[in-house]
Amino acid sequence: MIELVLMCFVAGMVVALPVWIVWQRVGARRALAVMRGFDPRDAVPCGIEPVALRARLLPALDTAHDEVAR
């Protein structure tokens with residue numbers, strides 16, 4: 001039983017590795033073709049803002065009281 005599992009695993013790797021390599025190369029070529037048509041002037045500006053999820057407000061660390069407490 002274990003021999004069957006190992007044979008199937010090895011056969012899957014033998015088939016999957018070349019398919020994966022071809023898929024990566026085809027995908028890279030497709031992405032390069034898409035990038036040729038990209039114009040940076042047409043890009044939409046994006047503003048990134050900080051977001052705090054489940055956060056607590058902490059006291060400021062630049063006060064004199066905090067320096068004494070350390």
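Annotation: extensible slack from Ala52 through Val14 equals 9.0 nm (criterion: 0.36 nm per residue apart, minus Cα-Cα distance). From most to least packed by mean Cβ count within 10 Å, the peptides 37-49, 11-23 give 11-23, 37-49.
Read the figures in this text as sums done on the coordinates, not as results from a lab. Keep in mind it's a predicted model, so treat the numbers as computed, not measured. Quick reminder, even Gly has a Cβ in these numbers, built from the backbone with ideal geometry, and neighbours come from all protein chains shown.
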